[in-house]
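The values are calculated or read from the model by the stated rules, or taken from the named source; none is laboratory data. For clarity, every value in this text was computed on a predicted model and none was experimentally measured. Every residue, glycine as well, gets a Cβ built from its backbone with ideal geometry; the counts of neighbours run over all protein chains shown.
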Amino acid sequence: MTATDPAVVGWTDRDLHAWQILRPLLDAGGYLPWSEGAMRPSGLVDVCNEIVLAKRRRILELGSGTSTVLLARLLATCGGTLTAIEHDAGWATWVAGQLAAEQLQDVARVVHAPLVASPPAVSALPWYAAEPLAQALTGGAPDLLIVDGPPAYRSGDSLARAPAVPVLLDRLAPDAAVVLDDIERAGEHEVLERWEDASDLRFERRPESGIAIGRKHARAMA
């Protein structure tokens, strides 16, 4: 991969360094497609650090892809499980097939949840269907929520991820962390502000990694 490849456009020196930090996970399995929609390497390193240092063992990921497989490889070594929610049936099948090919299906699973009209949607934007989302939440409260879906890059879809905290916060473990990807976009800025206004979560913005990590505010937990 070179600096002119589409997936690398917008990467910084921090991302290139993170790529090397991720090398053990990248080398642990076969080739994985890396597109512009994938989480940046520096953001993925921050998520891996959160899993290892905070001992996150039950991860819920909105959106699936390269990150799903790499995080499954990590959890296979440190313990834990991951459930990824994916709206695209074909992509869900591919990711699940990759997990099975690497014998990671006991560590991570992909639940197909199509996007449908639902009450918590913002500006009439669709959200994940309730029944498969409820199925994904069986087996214990997640202690890490990664919000990298639904897609929010198209004009008119900038708030597509806003329902994540209102819908899921009460289903998370009391000490859970919430990660939002793509915070360089104006829509994600507004989503973070909405989440902080409506909950006890306070987010550390990490523009150098493209993500924000939120935890319950210390005073609210006292």
Inset, instruction - Run R171 past the list (1) under 17 Å from R58 (Cα atoms); (2) touching a strand residue (DSSP E or B) at 6+ places or on another chain (Cβ under 7 Å); (3) of a type outside the set (V, I, T); (4) surrounded by 14 or more Cβ atoms within 10 Å (Cβ to Cβ) and report the number of the one that doesn't hold. - result: (2)
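So, in region 122-148, how many residues would count as being within 29 Å of S209 (Cα to Cα), aliphatic (A, V, I, L, M) and surrounded by fewer than 19 Cβ atoms within 10 Å (Cβ to Cβ)?
Residues of region 122-148 within 29 Å of S209 (Cα to Cα): 122-123, 125-128, 133, 136-137, 141-148.
After this cut, where a residue has to be aliphatic (A, V, I, L, M) as well, the list is 122, 125, 133, 136-137, 141, 144-147.
Of the ones still in play, those that are also surrounded by fewer than 19 Cβ atoms within 10 Å (Cβ to Cβ) are 122, 137, 141.
Residues flagged as within 29 Å of S209 (Cα to Cα), aliphatic (A, V, I, L, M) and surrounded by fewer than 19 Cβ atoms within 10 Å (Cβ to Cβ) within region 122-148 amount to 3.
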Inset, instruction - Go through the residues of region 196-211 one by one and say whether even a single one is in a helix (DSSP H, G or I), modelled with pLDDT under 95, of a type in the set (A, V, I, L, M, F, W, C) and farther than 26 Å from W91 by Cβ. - result: yes
Inset, instruction - Quickly run through region 126-154 and pick out the residues that are under 17 Å from V116 (Cα atoms) and of a type in the set (G, A, S). - result: A129, A130, A134, A136, G149, A152
Inset, instruction - From L180, L159, grab the single residue that is within 19 Å of L125 (Cβ to Cβ) and in a strand (DSSP E or B). - result: L180
Legend entry - Residue count, region 108-120 (criterion: in a loop (DSSP other than H, G, I, E, B), in contact (Cβ under 8 Å) with a residue 12 or more places away in the chain and surrounded by fewer than 19 Cβ atoms within 10 Å (Cβ to Cβ)): 3
Inset, instruction - Among the residues of region 136-151, write down those that are assigned to a loop (DSSP other than H, G, I, E, B) and either farther than 16 Å from S67 by Cβ or aromatic (F, W, Y) (or both). - result: L137, T138, G139, G140, A141, D143
Legend entry - Scan of region 138-169 for residues that are among the acidic types (D, E) and modelled with pLDDT under 95, ordered by number: D157
Legend entry - Within region 53-74, considering residues that are in contact with an Asp or Glu (Cβ under 8 Å, 6 or more places away or on another chain) and charged (D, E, K, R), the one nearest to Y31 (Cα to Cα): R73
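Which one is modelled with the lowest pLDDT, of the residues in region 5-33 that are in a loop (DSSP other than H, G, I, E, B), of a type outside the set (G, A, S) and in contact with a Ser or Thr (Cβ under 9 Å, 6 or more places away or on another chain)?
To start, the set of residues in region 5-33 that are in a loop (DSSP other than H, G, I, E, B) comprises 5, 9-12, 22, 27-33.
Filter again for of a type outside the set (G, A, S), leaving 5, 9, 11-12, 22, 27, 31-33.
Cutting the leftovers down to in contact with a Ser or Thr (Cβ under 9 Å, 6 or more places away or on another chain) gives us 11-12, 32-33.
Working: W11: 75, T12: 83, L32: 88, P33: 84.
Taking the candidates together, the pick is W11.
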Inset, instruction - Go through region 142-162 and count every residue that is free of Cβ contacts under 8 Å to residues at least 12 places away in the same chain and within 13 Å of the chain's Cα centre (by Cα). - result: 0
Legend entry - helices (runs of 4 or more DSSP H) contained in region 34-107 and holding at least 3 residues under 15 Å from the mean Cα position of the chain (by Cα) and buried (at least 22 other Cβ atoms within 10 Å of the Cβ): 41-53, 66-78
